[in-house]
Every structure is written in C-alpha cells, then in structure tokens.
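The values are calculated or read from the model by the stated rules, or taken from the named source; none is laboratory data. Remember, it's a predicted structure, so these values are computed and weren't measured experimentally. Methodologically, a virtual Cβ is constructed for each residue, glycine included, from the backbone with ideal geometry; neighbour enumeration extends over all protein chains shown.
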Amino acid sequence: MRIEDIWIDEAVTALRPDFEVLLMTVRGLANSPSDDRSRAWLAEAAAGAVSPDHEKVEAWRAAYRAFGAKPQRTRPSVDALLRRMPLPEINAVVDAYNAVSVKHVLPIGGEDLAHYSGPARLVRATGEEPFDTVDRGEPVTEHPEIGEVVWRDDTGVTCRRWNWRQCVRTRITESTTDALFILERLAPLERDELTAAASELAEMLREISPGIQVESRLVTAR
C-alpha cells in the first residue's frame, strides 16, 4: 500500500471539518516483546497523563456522538488508554505509540502493512463490511452499524468507530516489519502538536530499529 493512496471520505469530514490525520509508514522494523525501555516510555507517559475529562478527549466523545456512537460504552482509544493505569505492555512498537498517544492526548493506531489489501480509507460504513475480532477467546466476524465511521481496506474494516477497536488481521505483532501509524487530530489539538507527536514516535521507533525508513503525509478531505 502506498501512503499517497490513503484517503478520507467527505462524509466523515462533514461530521468534523477540523479532522486531520497524519499518516506514517515505517519499513524495516525489528519489533520485540516489551522491555525495560518500552516500559519506561509507558511509565513516563502514565506519570504525566491528563484526566479522561480533558478537553482533547471530550472532542473525541463529541465526534463519536455525531455518528450515533455512545462514547461511554465504546470509548475513543485515547480515552480508554487514560483509564488503564498502569498502561498495558503489548510489545515494544505498540508500547511506543501508546506512550505517545497518552503523552500528547491523541488517538494513534498501528497497522501491519503485510496484512493490508488495497489502500486504507476512512469512510462511513454501509453495515455490510466484515470486521474480524475475538469474543470470549473465539474468532468472530462482526459488522459495523450503518453510518459508523470506520477505517477499512478492500477486505473489510480494520478499525471500528473511528479508533475504538482494531481488527485482528492487521494488528502489530512481534513479527511485524512494515507498519502504518495513524495519528488523528481534532481541535483543540493543534497541527503542530500532531506533527510533534509523529516526530517523537519516529524517534522512538528508530531506537527500536535504527535502520527504518519513514515516510509521512498529512491527509484531510479528498
């Protein structure tokens, strides 16, 4: 997937004209289990974490309500992270972007490019798209609600409710070598804060994998 092929549907930006996303592809990762370095990143982020009632988090709750979701039941990703202290240890790469998400108070998603089919796009769902997940330890296929904001590719939904829950297929694992990171902005978070978060994440990933190739792009409406 080429970063220049990723797009946002106008039906999404009509809900929140202030929405922007900074995309970053990273190739050549050498991921690993959580270690002392990634645990330190998580601990530092947790120590400086804002309240879940922060205005930047409330902006995402308002965005969820705009397409009919109930943010108290299905929380925006940054809201959910701020309520999980200490922050969970997943693997070095996921720990890095979760730490940056909490520090800068913005949702960040990480996707394994090897499992993508066609370009990523942010759209409002028809309700027919498949979403592969796990329920009580068993793999299941769900479908989004009609009008729900979702990230998807040619195969199906990769993340439901904007940034609530990622599918199993594209999760970043310890075997991931090429990844897409999705950093999302709503006011009052400023664009320079968005780019600063991306730069910080890129530097952390270079600590994990010094030889990575990084490409980034800011995307708004088509």
**OP:** Within the stretch 62-79, identify whether any single residue is in contact (Cβ under 8 Å) with a residue 24 or more places away in the chain, surrounded by 23 or more Cβ atoms within 10 Å (Cβ to Cβ) and closer than 26 Å to Arg206 by Cα, and answer yes or no.
**Re:** yes
Original post:
Counting only residues that are polar (S, T, N, Q) and over 12 Å from the mean Cα position of the chain (by Cα), how many does the stretch 60-114 have?
Top reply: 3
**OP:** Show the residue pairs that are 6+ apart or on different chains and have beta-carbon atoms under 8 Å apart, the first residue being within the stretch 199-214 and closer than 15 Å to Gly110 by Cβ, the second being in a helix (DSSP H, G or I) and among the aromatic types (Phe, Trp, Tyr).
**Re:** Leu201/Tyr97; Met204/Trp41
Original post:
If we scan the stretch 150-163, do we find a residue that is modelled with pLDDT of 95 or more, within 20 Å of Val26 (Cβ to Cβ) and among the aliphatic types (A, V, I, L, M)?
Top reply: no
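Where residues in the stretch 1-21 are of a type in the set (Asp, Glu) and outside any loop (DSSP other than H, G, I, E, B), which of them is farthest from the chain's Cα centre (by Cα)?
Taking the stretch 1-21 first, the residues of a type in the set (Asp, Glu) are 4-5, 9-10, 18, 20.
Adding the requirement that they be outside any loop (DSSP other than H, G, I, E, B) leaves 4-5, 10, 20.
Details: Glu4: 18, Asp5: 18, Glu10: 20, Glu20: 13 Å.
Ranking the candidates gives Glu10 first.
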Subject >> Glu111 among the acidic types (Asp, Glu), closer than 21 Å to Pro76 by Cα and assigned to a strand (DSSP E or B) >> reply: yes
Original post:
Scanning for something buried (at least 16 other Cβ atoms within 10 Å of the Cβ), part of a strand (DSSP E or B) and on the phi < 0 side of the Ramachandran plot, does the stretch 167-177 turn up at least one residue?
Top reply: no
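Restricting to the stretch 107-148, name every residue that is of a type in the set (A, V, I, L, M, F, W, C) and closer than 26 Å to Ile90 by Cα. Even if it seems obvious, please write down each step before you answer.
At the first step, the residues of the stretch 107-148 found to be of a type in the set (A, V, I, L, M, F, W, C) are 108, 113-114, 120, 122-123, 125, 131, 134, 140, 146.
Within the stretch 107-148, Ile108, Leu113, Ala114, Ala120, Leu122, Phe131, Val134, Val140 qualify.
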Subject >> Long-range neighbours under 7 Å by Cβ, at least six apart or interchain, first residue modelled with pLDDT under 95 within the stretch 118-136, second surrounded by 11 or more Cβ atoms within 10 Å (Cβ to Cβ) and in a loop (DSSP other than H, G, I, E, B) >> reply: Val134/Val168
Subject >> Failed criterion for Thr74 (all others in (1) out of contact with any Phe, Trp or Tyr (no Cβ under 6 Å at 6 or more places or on another chain); (2) not in a helix (DSSP H, G or I) hold) >> reply: (1)
Subject >> First in the stretch 177-198 and within 23 Å of Leu113 (Cα to Cα) and of a type outside the set (D, E, K, R), second anywhere and in a helix (DSSP H, G or I) and modelled with pLDDT under 95, Cβ under 6 Å, 6 or more apart >> reply: none
Original post:
So Arg37 fits all but one of (1) assigned to a helix (DSSP H, G or I); (2) in contact with a Pro (Cβ under 9 Å, 6 or more places away or on another chain); what number is the exception?
Top reply: (2)
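Could you please let me know if Gly147 is under 23 Å from Arg84 (Cβ atoms), in contact with a strand residue (DSSP E or B) (Cβ under 6 Å, 6 or more places away or on another chain) and in contact (Cβ under 8 Å) with a residue 60 or more places away in the chain? First the steps, then the outcome.
Details: under 23 Å from Arg84 (Cβ atoms): no; in contact with a strand residue (DSSP E or B) (Cβ under 6 Å, 6 or more places away or on another chain): yes; in contact (Cβ under 8 Å) with a residue 60 or more places away in the chain: yes.
The answer is no for Gly147.
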Subject >> Residues that are touching a residue at least 40 places away in the same chain (Cβ under 8 Å) and among the small types (Gly, Ala, Ser), drawn from the stretch 14-61 >> reply: Gly28, Ala30, Ser32, Ser34, Ser38, Ala43, Ala45, Ala46, Gly48, Ala49, Ala59
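Can you say whether Ser101 is polar (S, T, N, Q) and either part of a helix (DSSP H, G or I) or crowded, with 22+ Cβ neighbours inside 10 Å (or both), as far as the supplied structure shows? Break it down stepwise before answering.
On the way: polar (S, T, N, Q): yes; either part of a helix (DSSP H, G or I) or crowded, with 22+ Cβ neighbours inside 10 Å (or both): yes.
Yes, satisfied.
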Original post:
Among the numbered criteria (1) in a loop (DSSP other than H, G, I, E, B); (2) buried (at least 18 other Cβ atoms within 10 Å of the Cβ), which single criterion is violated by Pro86?
Top reply: (2)
